[in-house]
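One structure below.
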C-alpha cells in the first residue's frame, strides 16, 4: 500500500515537472520573435537618433558657414564701396587739378619769363645735389619780388630705358624741385605748373655721354603776368 502510494506520488510529480518544462519552452518559442523584433526596432531607433544628430550637426555647420560667407561678402561689399568712394574722391580731385592746370595753360601766353634755372641729375637719380640747391636758391630769391608769378617746372631724362619708366623718372625729378621750393620758400601748389616730359624733349643729342648727362635735367622758369612796371614797383 505504501509502495503504491509512493509510486503514484512520484508519477504525479514527474508529470507536473514535464508539463512545466513544456510550458516554458512554448513561451520562450512564442516570445523570442517578439523580443527580436523589439531589439530590431531599438537598433533602428538608435540609428535614426544618430542620423538626426548628424543631420543637425551638418545643418548647424552649414548655417555657420553661410553666416561666415555672408560676413565675408558684406566686408567685401563694404571694401568695394569704400574703394569706389575713394576713386570718386580721387577723380574729383584730379578733375579739379586738371581744370586748374588747363586754365593756367590757357593763360600761359599772358606770362613772361622773369628768370630761369636748370638742375641736373645723375643716371637714374632724382636727388638734388648741393649745387642744384644753390641754383634753386638763386631763382627762388626773386619770387618775393615777382607779382602774379607762377613756376613752370619741366622734368626730363636721357634716352636710356623705356618711355613709361622715363616719364615716371622725370616726374620724380620735377617733384624733388617742387618739394624743395615748397618747403624752403613756401611756394604754394597752385603756383606751380609741372610737366614730366621723359625723353621726349632732349636739350641736346643723346648719342654721347655728355649729351645724355645734359638731358638728365629739370628746367625751372619763374614767370609773371605783371608788366615790367608792376614788377619793379613790387621790388621797391
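Can you find even one residue in segment 71-90 that is modelled with pLDDT under 65 and part of a helix (DSSP H, G or I)?
The answer is yes; a qualifying residue exists.
Which of (1) free of Cβ contacts under 8 Å to residues at least 12 places away in the same chain; (2) over 14 Å from residue 114 (Cα atoms); (3) more than 36 Å from the chain's Cα centre (by Cα) does residue 182 not meet, given it meets every other one?
Looking at each condition in turn, residue 182 falls short on (3).
Within segment 182-191, can one find any residue that is surrounded by 14 or more Cβ atoms within 10 Å (Cβ to Cβ), in contact with a helix residue (DSSP H, G or I) (Cβ under 7 Å, 6 or more places away or on another chain) and closer than 15 Å to residue 223 by Cβ?
Yes, some residue in segment 182-191 is surrounded by 14 or more Cβ atoms within 10 Å (Cβ to Cβ), in contact with a helix residue (DSSP H, G or I) (Cβ under 7 Å, 6 or more places away or on another chain) and closer than 15 Å to residue 223 by Cβ.
Going by what's in this entry, would residue 126 be described as part of a helix (DSSP H, G or I), within 31 Å of the chain's Cα centre (by Cα) and closer than 21 Å to residue 213 by Cβ?
No; evaluated as a whole, the condition is false for this residue.
The rows are residues; the columns are (1) surrounded by fewer than 18 Cβ atoms within 10 Å (Cβ to Cβ); (2) free of Cβ contacts under 8 Å to residues at least 24 places away in the same chain.
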| residue | (1), (2) |
| --- | --- |
| 131 | yes, yes |
| 134 | yes, yes |
| 139 | no, no |
| 145 | yes, no |
| 151 | no, no |
| 154 | no, no |
| 157 | no, no |
| 166 | no, no |
| 178 | no, no |
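The values are calculated or read from the model by the stated rules, or taken from the named source; none is laboratory data. Remember, it's a predicted structure, so these values are computed and weren't measured experimentally. Because the Cβ atoms are built from the backbone with ideal geometry, glycine has one as well, and the counts that use them run over all protein chains shown.
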